[in-house]
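Asker: Before I ask anything, let me first share the structure, which is written out below as structure tokens.
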Amino acid sequence: MDLSLHSHITQVLPIEDTSHVGHARRTVQKLAEQAGFDETDGGRVALVVTELASNILKHARSGELHVRLLPGEVQGVELIAIDRGNGFDVQACMADGFSTRGTQGIGLGSVLRQAQVFDVHSDARGSVLLARFFPRNSRVKDLRMGITQHSLHNDPACGDVWEVAVKGRQMSILMIDGLGHGPEAQEAGMAGARAFIRNPFADPGALLEDLHFDMRGSRGGAAALARFDGNTGTLRFTGIGNIGATLIGDDKPRGIPSHPGIVGLQYRKIAPIDYGDCTGQLLIMFSDGLQSRWNLRDYPGLMYRHPAIIAAVLHRDFCRGRDDVTVLVMALETLDD
């Protein structure tokens, strides 16, 4: 699996009244067409959008659909339905014909059959449901990654920037938080992203110096680089500024420290840190638009859900609301060549 994934803002569709259901369906159908879906595949997506949006209104009264294109040799569409309702019995809702208070009654079991990737987490805080779609008969290996990126006040420019590169069993991840927000913060972040794209699998220490060089003359920002080697199970990490990072496994979470400084302006050179035995763990990276005082163990079962579910829950419950915010969750797995 070789991939290059580039930063993009999550498209948020509010679901607050019945008129929003049709708007969401039309918006996602256009996205499916953009991904190359034919009429039948687009119809699968439209059916699920209608059910999920209607379910939000009936069950929780309001919520959101988060939508994005999934890049790759075969493009896909990701839907995440998010609400703050009272939760629901997932097993009961999986039965065909089960209606969550007046929806079409196709049941989440039918949604499961329509989507190639499906997962859900529901508790007293609300529900988050993931559905990923690809064209019929396509063979796509799901990358167990979740990303949610939002700009302050829905500004078209976002100072948070991320990049992910996958090559064989190697994975390299970048996250930058340009100082402040808006166009100048975005320019700083994109300058660092271009340095990463040139050589994403360079040693993180050397790559950080490349970022610093390319970000000179900009506002600068916080930056973190993580490289996972699936052959050895080792994660190598280096970070400057306020990018948070945590390794989550069955044992106690491991916080990953960053160091003071501003990439592009001034920081003290540091050696990357290696973390062993990371295969099977989750790497969570986030900009300071997200509060740092969260614990996945407060959400029973959440750490075993799809990374996209985890990213959406953290954003829903811990977004500060006064800065750009990005949450990236990656399952550290031994990827196939």
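Read-outs throughout are calculated quantities, based only on the coordinates presented, and are distinct from any laboratory measurement. Remember, it's a predicted structure, so these values are computed and weren't measured experimentally. No Cβ is skipped: glycine too gets one built from the backbone with ideal geometry, and neighbour counts run over all protein chains shown.
Asker: Distance from a point 7 Å along Cα→Cβ of Gln266 to each backbone N in the stretch 168-198: keep the residues under 19 Å and list them by number.
Answerer: Answer for this model: 179-180.
Asker: I've got another one for you. Can you tell me which aspartates and glutamates have their Cα less than 15 Å from the Cα of Lys252? Leave out same-chain residues fewer than eight positions away.
Answerer: Candidates past the 8-residue exclusion: Asp277, Asp298.
Asker: Hey, another quick one. Most mobile of Ala124, Ala226, Ala188 per a Gaussian network model of the chain (Cα springs, under 10 Å)?
Answerer: The residue with the greatest mean-square fluctuation here is Ala124.
Asker: Which FRET efficiency value, to the nearest 0.05, is calculated for Glu33 and His6 with the Förster distance at 30 angstrom and r the Cβ-Cβ distance?
Answerer: On the way: r = 21 Å, r/R0 = 0.70.
Efficiency, from the Cβ-Cβ distance: 0.90.
Asker: Roughly what would the spin-label model give for Arg194 and Arg293, points 7 Å off Cα along C-beta, in nm?
Answerer: Reported label-point gap for Arg194 and Arg293 is 4.1 nm.
Asker: The stretch 172-253: which trypsin sites (Lys or Arg not before Pro) are DSSP loop and have at most 14 other beta-carbon atoms within 10 angstrom? Each step should come with its number before you reach the end.
Answerer: Values: sites: Arg194, Arg198, Arg216, Arg219, Arg227, Arg236; in loops: Arg216, Arg219.
Taking the stretch 172-253 and a limit of 14 other Cβ atoms within 10 Å, the loop trypsin sites (Lys or Arg not before Pro) found are Arg216.
Asker: Lysines within cross-link reach of Lys141: Cα-Cα under 17 Å, excluding same-chain residues under 8 positions apart?
Answerer: Those lysines meeting the cut-off are Lys167.
Asker: Right, another one. With springs only between Cα atoms under 10 Å apart, run a GNM on the chain and tell me which of Phe201, Phe118, Phe318 wobbles the most.
Answerer: Top of the fluctuation ranking is Phe318.
Asker: If you project the alpha carbons of the stretch 148-227 onto their three principal axes, what span does each projection cover, largest first, in Å?
Answerer: Principal extents (Cα only, largest first): 38, 28, 16 Å.
Asker: Which of (1) 32, 58, 11, 0; (2) 29, 42, 17, 11, 1; (3) 33, 50, 15, 2, 0 is the computed P(r) over Cα pairs in 20 Å bins from 0, in percent for the structure on display?
Answerer: Read-out from the structure maps to (1).
Asker: May I ask you to list the residues of the stretch 164-190 whose amide nitrogen lies under 11 Å from a point 7 Å from Cα along the Cα→beta-carbon direction of Phe213?
Answerer: Within reach of a label on Phe213, which here means backbone N under 11 Å from a point 7 Å along Cα→Cβ, the stretch 164-190 contributes nothing.
Asker: At a Cα cut-off below 18 Å, give the aspartates and glutamates reachable from Lys269, other chains included and same-chain residues fewer than 8 away excluded.
Answerer: Answer for Lys269, where 18 Å is the Cα cut-off: Asp203, Glu209, Asp210, Asp214, listed by chain and number.
Asker: Got a sec? Which residues in the stretch 119-151 would a label at Leu112 touch, if it sits 7 Å along Cα→Cβ and we count backbone N under 11 Å?
Answerer: Output list for this probe position: 119-120.
Asker: Take the alpha carbon atoms of the stretch 215-266, find their center, do the same for the stretch 157-196, and report the distance between the two centers in whole angstrom.
Answerer: 12 Å
Asker: Going by the alpha-carbon gyration tensor, a ≥ b ≥ c the square roots of its eigenvalues, is the stretch 4-54 rounded (a/c under 1.5) or, if a/c is not under 1.5, prolate (a/b greater than b/c) versus oblate?
Answerer: Details: a/c = 2.57, a/b = 1.22, b/c = 2.10.
Here the stretch 4-54 falls in the oblate category.
Asker: Calculate the translational D of the stretch 112-199 in whole µm² s⁻¹ from Stokes-Einstein, where the hydrodynamic radius comes from the Kirkwood formula applied to all Cα pairs, the temperature is 25 °C and the viscosity 0.890 mPa s.
Answerer: Numbers: Rh = 16.0 Å.
Answer from the Stokes-Einstein relation: 154 µm²/s.
Asker: Right, here's the next one. Two-decimal Rg/Rh of the stretch 233-337 from alpha-carbon positions, Kirkwood Rh? Could you put the intermediate results ahead of the total?
Answerer: Values: Rg = 14.4 Å, Rh = 14.8 Å.
Value, to two decimals: 0.97.
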